[in-house]
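Note sheet for the following structure.
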Amino acid sequence: TPNRVVNLLALTGGVSDTLVDGATLPAGTYGQMRLVLGPDNSVKLLDGTVAPLKVPSGQQSGVKLTVHFVVEPGTTSDVYIDFDAHKSVFVHQAGNSGKYILRPTVRAYDRLETGSISGTMTAAGTLAPLPGVVVTAQRVTSGTPSVVRSTITDTAGHYVLDLLPRDGTYHVVSQPVTYDTAGVVTGSYEPRASAGLSITAASPVRAFDASFSPATSTGSVAGAVSPVALESPVDTVEARLPLDAGGVLQPS
(Lines give C-alpha, C1' and ligand atoms only; values in the text may rest on other atoms or scores of the structure.)
Protein backbone atom coordinates (compact mmCIF):
# COMPACT_ATOMS: atom_id res chain seq x y z
CA THR A 1 0.00 0.00 0.00
CA PRO A 2 2.31 2.79 -1.16
CA ASN A 3 -0.70 5.16 -1.54
CA ARG A 4 1.10 7.72 -3.68
CA VAL A 5 1.19 9.04 -7.23
CA VAL A 6 3.88 7.71 -9.60
CA ASN A 7 4.97 9.60 -12.73
CA LEU A 8 5.36 6.78 -15.26
CA LEU A 9 7.12 8.93 -17.86
CA ALA A 10 9.90 9.67 -15.36
CA LEU A 11 10.66 5.94 -15.12
CA THR A 12 12.32 5.35 -18.50
CA GLY A 13 15.78 4.35 -19.73
CA GLY A 14 16.38 1.89 -16.89
CA VAL A 15 15.17 4.26 -14.13
CA SER A 16 12.95 2.52 -11.56
CA ASP A 17 11.06 3.39 -8.39
CA THR A 18 10.33 1.29 -5.31
CA LEU A 19 6.69 0.62 -4.46
CA VAL A 20 7.16 -1.88 -1.61
CA ASP A 21 10.30 -2.63 0.40
CA GLY A 22 10.59 -5.13 3.22
CA ALA A 23 7.15 -6.69 2.86
CA THR A 24 6.92 -10.14 4.48
CA LEU A 25 5.50 -12.97 2.38
CA PRO A 26 4.91 -16.59 3.35
CA ALA A 27 7.44 -18.98 1.82
CA GLY A 28 6.26 -20.59 -1.40
CA THR A 29 5.92 -20.23 -5.17
CA TYR A 30 3.93 -17.26 -6.48
CA GLY A 31 2.22 -17.22 -9.88
CA GLN A 32 0.11 -14.07 -9.74
CA MET A 33 0.09 -10.56 -8.31
CA ARG A 34 -2.56 -7.85 -8.42
CA LEU A 35 -1.81 -4.15 -8.60
CA VAL A 36 -4.73 -2.05 -7.34
CA LEU A 37 -4.70 1.48 -8.76
CA GLY A 38 -5.83 4.43 -6.69
CA PRO A 39 -8.27 7.23 -7.66
CA ASP A 40 -5.71 9.94 -8.55
CA ASN A 41 -4.90 8.85 -12.12
CA SER A 42 -4.33 11.60 -14.68
CA VAL A 43 -2.65 12.42 -17.98
CA LYS A 44 -0.83 15.63 -18.96
CA LEU A 45 -1.76 16.72 -22.47
CA LEU A 46 0.54 18.35 -25.00
CA ASP A 47 -0.73 21.83 -24.08
CA GLY A 48 0.15 21.27 -20.41
CA THR A 49 -3.38 20.73 -19.10
CA VAL A 50 -4.02 17.73 -16.84
CA ALA A 51 -7.06 15.52 -17.46
CA PRO A 52 -8.42 12.77 -15.18
CA LEU A 53 -8.16 9.13 -16.27
CA LYS A 54 -10.93 6.59 -15.91
CA VAL A 55 -9.70 3.13 -14.90
CA PRO A 56 -12.35 0.53 -15.91
CA SER A 57 -11.30 -2.19 -13.44
CA GLY A 58 -7.91 -1.33 -11.95
CA GLN A 59 -9.48 0.37 -8.93
CA GLN A 60 -11.73 -2.57 -8.04
CA SER A 61 -10.35 -5.98 -9.02
CA GLY A 62 -6.85 -4.69 -9.74
CA VAL A 63 -4.49 -5.30 -12.65
CA LYS A 64 -3.52 -8.98 -12.77
CA LEU A 65 0.19 -9.73 -13.23
CA THR A 66 1.42 -13.20 -14.17
CA VAL A 67 4.65 -13.93 -12.29
CA HIS A 68 6.82 -16.84 -11.28
CA PHE A 69 9.08 -16.38 -8.29
CA VAL A 70 9.96 -18.49 -5.29
CA VAL A 71 10.29 -17.15 -1.74
CA GLU A 72 12.46 -19.39 0.39
CA PRO A 73 12.36 -19.06 4.19
CA GLY A 74 14.74 -16.31 5.36
CA THR A 75 15.47 -15.02 1.85
CA THR A 76 14.41 -12.02 -0.26
CA SER A 77 13.06 -11.74 -3.80
CA ASP A 78 12.93 -8.70 -6.08
CA VAL A 79 10.01 -8.39 -8.50
CA TYR A 80 9.92 -5.60 -11.09
CA ILE A 81 6.65 -4.31 -12.57
CA ASP A 82 6.95 -2.86 -16.06
CA PHE A 83 4.52 -0.18 -17.25
CA ASP A 84 5.26 0.56 -20.91
CA ALA A 85 3.69 3.98 -21.20
CA HIS A 86 4.09 4.09 -24.98
CA LYS A 87 2.87 0.62 -25.94
CA SER A 88 1.20 -0.97 -22.94
CA VAL A 89 -0.66 1.95 -21.33
CA PHE A 90 -3.24 3.29 -23.74
CA VAL A 91 -4.91 6.64 -23.26
CA HIS A 92 -7.66 7.71 -25.62
CA GLN A 93 -10.62 10.02 -25.82
CA ALA A 94 -13.94 8.18 -25.49
CA GLY A 95 -16.26 9.44 -28.24
CA ASN A 96 -17.20 13.08 -27.79
CA SER A 97 -17.42 12.89 -24.00
CA GLY A 98 -13.98 14.38 -23.46
CA LYS A 99 -13.06 11.63 -21.00
CA TYR A 100 -9.82 9.68 -21.09
CA ILE A 101 -9.51 5.99 -20.25
CA LEU A 102 -6.43 4.23 -18.91
CA ARG A 103 -6.03 0.62 -20.07
CA PRO A 104 -2.85 -0.62 -18.39
CA THR A 105 -1.15 -3.70 -19.79
CA VAL A 106 1.78 -4.43 -17.50
CA ARG A 107 4.33 -7.19 -16.96
CA ALA A 108 6.22 -8.42 -13.92
CA TYR A 109 9.70 -9.94 -13.87
CA ASP A 110 12.17 -11.47 -11.48
CA ARG A 111 15.10 -9.07 -11.88
CA LEU A 112 17.65 -11.91 -11.74
CA GLU A 113 16.07 -13.55 -14.78
CA THR A 114 16.36 -10.57 -17.14
CA GLY A 115 18.92 -8.72 -19.24
CA SER A 116 19.13 -5.57 -21.35
CA ILE A 117 20.14 -4.10 -24.71
CA SER A 118 21.26 -0.49 -25.03
CA GLY A 119 22.74 1.79 -27.66
CA THR A 120 22.49 5.07 -29.56
CA MET A 121 20.40 6.01 -32.61
CA THR A 122 21.90 8.60 -34.98
CA ALA A 123 21.31 10.12 -38.42
CA ALA A 124 23.57 8.69 -41.14
CA GLY A 125 26.27 11.05 -42.37
CA THR A 126 25.99 13.70 -39.68
CA LEU A 127 25.78 11.20 -36.78
CA ALA A 128 23.43 13.66 -35.10
CA PRO A 129 21.47 11.99 -32.28
CA LEU A 130 17.83 11.06 -32.92
CA PRO A 131 15.84 11.95 -29.79
CA GLY A 132 12.27 10.86 -29.05
CA VAL A 133 12.48 7.82 -31.34
CA VAL A 134 10.57 4.62 -30.60
CA VAL A 135 12.87 1.58 -30.28
CA THR A 136 11.52 -1.96 -29.81
CA ALA A 137 12.93 -5.34 -28.86
CA GLN A 138 11.18 -8.02 -30.90
CA ARG A 139 11.20 -11.81 -30.87
CA VAL A 140 10.43 -13.89 -33.96
CA THR A 141 8.55 -17.15 -33.39
CA SER A 142 7.68 -19.32 -36.41
CA GLY A 143 8.22 -16.31 -38.67
CA THR A 144 5.90 -14.06 -36.66
CA PRO A 145 7.40 -11.10 -34.77
CA SER A 146 6.13 -9.81 -31.43
CA VAL A 147 7.16 -6.70 -29.50
CA VAL A 148 8.59 -7.63 -26.09
CA ARG A 149 9.78 -4.20 -24.93
CA SER A 150 9.72 -0.67 -26.29
CA THR A 151 11.27 2.59 -25.21
CA ILE A 152 12.01 6.10 -26.51
CA THR A 153 15.48 7.56 -27.06
CA ASP A 154 16.62 10.45 -24.87
CA THR A 155 18.01 13.79 -26.05
CA ALA A 156 21.36 12.13 -26.86
CA GLY A 157 19.69 9.42 -28.94
CA HIS A 158 20.44 6.81 -26.27
CA TYR A 159 18.03 4.00 -25.39
CA VAL A 160 17.84 1.14 -22.88
CA LEU A 161 15.64 -1.90 -23.45
CA ASP A 162 15.78 -3.54 -20.03
CA LEU A 163 13.82 -6.31 -18.28
CA LEU A 164 14.25 -8.64 -21.27
CA PRO A 165 13.65 -12.26 -20.19
CA ARG A 166 16.84 -14.29 -20.34
CA ASP A 167 17.48 -17.22 -22.69
CA GLY A 168 15.87 -15.38 -25.58
CA THR A 169 17.03 -13.86 -28.89
CA TYR A 170 15.88 -10.33 -29.72
CA HIS A 171 15.99 -7.99 -32.71
CA VAL A 172 16.28 -4.26 -32.00
CA VAL A 173 13.96 -2.52 -34.48
CA SER A 174 13.31 1.14 -35.15
CA GLN A 175 11.86 3.34 -37.87
CA PRO A 176 12.68 6.83 -36.59
CA VAL A 177 10.21 9.68 -36.86
CA THR A 178 11.16 12.93 -35.13
CA TYR A 179 8.83 15.69 -33.91
CA ASP A 180 9.11 19.25 -32.71
CA THR A 181 7.72 20.50 -29.39
CA ALA A 182 4.29 21.04 -30.99
CA GLY A 183 4.10 17.43 -32.15
CA VAL A 184 4.73 18.21 -35.83
CA VAL A 185 6.83 15.68 -37.77
CA THR A 186 10.29 17.05 -38.58
CA GLY A 187 11.94 13.98 -40.09
CA SER A 188 11.32 10.41 -41.24
CA TYR A 189 13.96 7.70 -41.69
CA GLU A 190 14.30 4.26 -43.25
CA PRO A 191 13.71 1.34 -40.84
CA ARG A 192 16.50 -0.87 -39.54
CA ALA A 193 16.72 -4.07 -37.49
CA SER A 194 19.63 -5.67 -35.70
CA ALA A 195 20.75 -9.24 -36.08
CA GLY A 196 19.55 -11.58 -33.35
CA LEU A 197 20.99 -10.60 -29.96
CA SER A 198 20.88 -13.40 -27.38
CA ILE A 199 20.31 -12.62 -23.70
CA THR A 200 21.80 -15.36 -21.52
CA ALA A 201 23.03 -15.79 -17.96
CA ALA A 202 26.61 -15.48 -19.27
CA SER A 203 25.82 -12.42 -21.46
CA PRO A 204 22.84 -10.59 -19.93
CA VAL A 205 23.86 -7.14 -21.27
CA ARG A 206 24.13 -6.47 -25.02
CA ALA A 207 24.62 -3.36 -27.17
CA PHE A 208 23.41 -2.17 -30.57
CA ASP A 209 24.06 1.22 -32.19
CA ALA A 210 22.46 2.22 -35.48
CA SER A 211 22.56 5.06 -38.02
CA PHE A 212 19.51 5.77 -40.17
CA SER A 213 19.20 7.25 -43.65
CA PRO A 214 16.41 9.76 -44.36
CA ALA A 215 13.36 8.30 -46.10
CA THR A 216 13.37 9.29 -49.75
CA SER A 217 9.59 9.41 -49.94
CA THR A 218 6.68 8.87 -47.56
CA GLY A 219 2.98 8.10 -47.79
CA SER A 220 0.10 6.95 -45.65
CA VAL A 221 -2.54 4.24 -45.32
CA ALA A 222 -6.05 4.90 -43.99
CA GLY A 223 -9.04 2.69 -43.25
CA ALA A 224 -11.43 1.43 -40.59
CA VAL A 225 -11.36 -1.36 -38.02
CA SER A 226 -14.48 -3.44 -37.39
CA PRO A 227 -16.49 -4.49 -35.50
CA VAL A 228 -16.98 -1.27 -33.57
CA ALA A 229 -16.86 -1.79 -29.80
CA LEU A 230 -19.56 -0.40 -27.51
CA GLU A 231 -16.90 1.50 -25.60
CA SER A 232 -14.32 3.37 -27.64
CA PRO A 233 -11.21 1.16 -27.55
CA VAL A 234 -7.65 1.52 -28.71
CA ASP A 235 -6.76 -0.46 -31.84
CA THR A 236 -3.13 -0.67 -32.88
CA VAL A 237 -2.63 -1.02 -36.63
CA GLU A 238 0.83 -2.12 -37.77
CA ALA A 239 2.42 -2.28 -41.20
CA ARG A 240 4.98 -5.08 -41.30
CA LEU A 241 7.84 -5.35 -43.76
CA PRO A 242 10.96 -7.52 -44.04
CA LEU A 243 14.07 -5.82 -42.68
CA ASP A 244 17.70 -6.77 -43.21
CA ALA A 245 18.49 -7.94 -39.69
CA GLY A 246 22.24 -8.42 -39.91
CA GLY A 247 22.06 -10.00 -43.35
CA VAL A 248 18.94 -12.06 -42.65
CA LEU A 249 15.51 -10.76 -43.65
CA GLN A 250 13.21 -10.75 -40.62
CA PRO A 251 9.61 -9.52 -40.47
CA SER A 252 9.07 -6.54 -38.21
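Would you work out if segment 90-223 is rounded, prolate or oblate? Take a ≥ b ≥ c from the square roots of the eigenvalues of the alpha-carbon gyration tensor; rounded if a/c is under 1.5, else prolate when a/b is larger than b/c, oblate otherwise. Cα axes put segment 90-223 in the oblate bin. Taking all C-alpha pairs of the chain, those more than 29 Å from each other amount to 39 percent.
Per residue, the solvent-accessible area of the chain (1.4 Å probe, heavy atoms of protein chains only, all protein chains present) comes to 61 Å². Taking amide H as placed 1.01 Å from N in the peptide plane, the amide H of R149 sits under 5 Å from that of A137, each at least 5 places away or on another chain. Distances between placed amide hydrogens fall under 5 Å for A245 paired with Q250, all partners being 5 or more residues away or on another chain. Only protein atoms count toward the accessible area here, which uses a 1.4 Å probe; on segment 135-222, the carbon and sulfur part of that area reaches 51 percent. With K and R counted +1 and D and E -1, the other residues having a Cβ less than 15 Å from that of N41 yield a net charge of +4.
What percent does the relative contact order of the chain come to when contacts are Cα pairs within less than 8 Å and at least six residues apart? Rounded, it is 16 percent for the chain. The Cα atoms of segment 124-166 define a convex hull whose projected area, averaged across directions, is 4.1 nm². For segment 141-218, a simple Cβ point-charge model (Lys and Arg +1, Asp and Glu -1, everything else neutral) yields a dipole of about 200 debye relative to the Cα centre. Both the radius of gyration and Dmax for segment 149-244 are 16.9, 49 Å, in that order, over alpha-carbon atoms.
Does anything in segment 1-23 have its amide N under 18 Å from the 7 Å Cα→Cβ label point of V79, and if so which residues? Of the residues in segment 1-23, 1-3, 17-23 have backbone N under 18 Å from the label point off V79. Remark: the Cα gyration tensor places segment 6-78 in the prolate category, a/c being 1.5 or greater and a/b exceeding b/c.
The values are calculated or read from the model by the stated rules, or taken from the named source; none is laboratory data. All figures in this text were calculated on a predicted structure; none of them were measured in a lab. Counting neighbours? That spans all protein chains shown, and the Cβs are built from the backbone with ideal geometry, glycine included. All accessible areas refer to the heavy atoms of the entire protein, side chains included, with ligands and DNA or RNA removed. Shrake-Rupley method; radii C 1.70, N 1.55, O 1.52, S 1.80 Å.
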